[in-house]
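Bear in mind that the values in this text are calculations on the coordinates, not laboratory data. Note that this is a predicted model, so its numbers are computed, not measured. Reconstructed Cβ throughout: ideal geometry from the backbone, glycine too, with neighbour counts over all protein chains shown.
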Amino acid sequence: MLTGVPGEVIPDGAVLVRDGLIEDVGPAADVIGRAAAGTPRVSFPEARILPGLIDVHVHLVFDGGEDPVATLAATGDPALVLDMAARARRLLDVGVTTVRDLGDRNGLAARLRDAVAAGTVPGPRILTAGAPITVTGGHCSFLGGQADGVEQVRALVRRQAEDGVDVIKVMVTGGHLTPEGPSSWELQYGTEEVAAAVEEARRFGLRVAAHVHTREGVEVAVAAGAHTLEHCTFLTEAGPPAGPDADEKLIRTIAEKGVYVCPTFHGGMGALETRFGADVLRPWLEIRRDQHEQGVRLIAGTDAGVTGVGVEQYAEGLRWLGRAGLPADAVIAMATSVAADALDLGGRTGRLRPGLDADLIVVDGDPRADLSVLRHPRLVVARGRFHVPRAGESLPWE
Ligand SMILES: [Zn+2]
């Protein structure tokens, strides 16, 4: 058993699940000894148990196809919410028991969140940002979250909080998904607007996720007090990041302030490597290793839904973090305990601990030796609900 905390391993471990919660964790002999007589058991002698995986950056409204924006535009809400439910189910199949949706339309992710929580639809726990906050005509403005200037940003945060979002997403720079909007290297908001969003969000107990690409965007988001930096690529107008040395001081500030960084590594990176060669990806991998080595708290998220990134490729993103030179133990924590802390869910999920929600997966083989064993879990338990992903397989209950 890997508890989600690096180095914390329980040989021959067991978890007792009751009423959706983890009631007991420890060596199997002890847990069985403490459990009521006749408690049903299922055992996997050669497998590993670990906490359910967390994808801190998804877009359930996007299909991960060639043109997700056009597909979305052509899909009405009744059909879209069914597509989103299907994607939620596929996330559960690959062991993802919590997602943070960072860009949604018409509050559909919140409806799905509530249906999953009620147990009517299978899926991971969903945190939703609703529509990302962006400037008029800006990155992802078609999702409906336009706000210009401090007052409009404040008002939109308030409205979203009243609508019941779980997190606020601000598009600090442009992005490639919106070709007619500002480019990824262009700033959309200054520190005043982002700080206003952070301040307003805090009044409702919400955290702020900042979409940022450039060094300038990162400076704005960090100065404004954003909690997580999405992408954080240090992209330049010329393309690749300038290299770790150019941004060393800022990276140290990110680490010191405890700001989380989601590199959005994903399964589509294999196709990029095939198409452009390994050299092209190297600078993007190097900055992550550097950020990790400087003490930045990286978290696992895939941007699932955007072009060429399907929700079922979650584990591929983790393998790319491994390819960047990060130790597997650290990568597993980025996908479990550290991700939960980043989402303010450390008291609910991300670790195997008594009292937390029963979110866990069972995989064949040791992910510390090979992260790809996380691709196809044998069993997924999400808030105590048992889910068997493999067709035709049933659990060997004793
Ligand atoms: Zn995104």
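Being within 19 Å of residue 239 (Cα to Cα) and away from the ligand (no atom under 14 Å from the Cβ) narrows it down to one of 188, 160, so name that one. Before you say what the answer is, go through the steps one by one.
Values: 160 fails: within 19 Å of residue 239 (Cα to Cα).
Exactly one of 188, 160 is within 19 Å of residue 239 (Cα to Cα) and away from the ligand (no atom under 14 Å from the Cβ), namely 188.
Scan segment 192-220 residue by residue and report those that are in contact (Cβ under 8 Å) with a residue 24 or more places away in the chain and assigned to a loop (DSSP other than H, G, I, E, B).
Those that are in contact (Cβ under 8 Å) with a residue 24 or more places away in the chain and assigned to a loop (DSSP other than H, G, I, E, B): 204, 206, 213, 214.
Could we say that residue 300 is surrounded by 19 or more Cβ atoms within 10 Å (Cβ to Cβ) and within 16 Å of the ligand (Cβ to nearest atom) here?
Values: surrounded by 19 or more Cβ atoms within 10 Å (Cβ to Cβ): yes; within 16 Å of the ligand (Cβ to nearest atom): yes.
When the stated conditions are applied, residue 300 passes them.
Checking residue 380 against (1) outside any loop (DSSP other than H, G, I, E, B); (2) on the phi > 0 side of the Ramachandran plot, which single condition isn't satisfied?
(2)
So is residue 228 over 24 Å from the mean Cα position of the chain (by Cα) and either away from the ligand (no atom under 16 Å from the Cβ) or hydroxyl-bearing (Ser, Thr, Tyr) (or both) or not? Please lay out each step first, then the result.
On the way: over 24 Å from the mean Cα position of the chain (by Cα): no; either away from the ligand (no atom under 16 Å from the Cβ) or hydroxyl-bearing (Ser, Thr, Tyr) (or both): yes.
No, not satisfied.
Got a number for residues in segment 242-266 being within 15 Å of residue 324 (Cβ to Cβ) and crowded, with 21+ Cβ neighbours inside 10 Å? Break it down stepwise before answering.
Initially, segment 242-266 is screened for residues within 15 Å of residue 324 (Cβ to Cβ), giving 243-244, 251, 261-266.
Next cut, crowded, with 21+ Cβ neighbours inside 10 Å only: 251, 261-266.
Residues in segment 242-266 being within 15 Å of residue 324 (Cβ to Cβ) and crowded, with 21+ Cβ neighbours inside 10 Å: 7 in total.
From the list 100, 89, exactly one residue is away from the ligand (no atom under 16 Å from the Cβ), of a type in the set (Lys, Arg), closer than 25 Å to residue 319 by Cα and touching a Gly at 6+ places or on another chain (Cβ under 8 Å). Which is it? Outline the logic, then answer.
Details: 100 fails: away from the ligand (no atom under 16 Å from the Cβ).
Within the list 100, 89, the selection yields 89.
Out of curiosity, is residue 24 among the acidic types (Asp, Glu), surrounded by 22 or more Cβ atoms within 10 Å (Cβ to Cβ) and within 29 Å of residue 366 (Cα to Cα)? Steps first, answer last, please.
Numbers: among the acidic types (Asp, Glu): yes; surrounded by 22 or more Cβ atoms within 10 Å (Cβ to Cβ): no; within 29 Å of residue 366 (Cα to Cα): yes.
For residue 24, the condition - among the acidic types (Asp, Glu), surrounded by 22 or more Cβ atoms within 10 Å (Cβ to Cβ) and within 29 Å of residue 366 (Cα to Cα) - is not met.
May I ask you to list the residues in segment 303-315 that are away from the ligand (no atom under 16 Å from the Cβ) and either assigned to a strand (DSSP E or B) or surrounded by fewer than 24 Cβ atoms within 10 Å (Cβ to Cβ) (or both)? Write out each step before concluding.
Within segment 303-315, the first condition is being away from the ligand (no atom under 16 Å from the Cβ), and the residues that meet it are 312, 315.
312, the sole residue that qualifies.
Of the residues 322, 267, 243, which single one is within 18 Å of residue 374 (Cα to Cα) and away from the ligand (no atom under 16 Å from the Cβ)?
322
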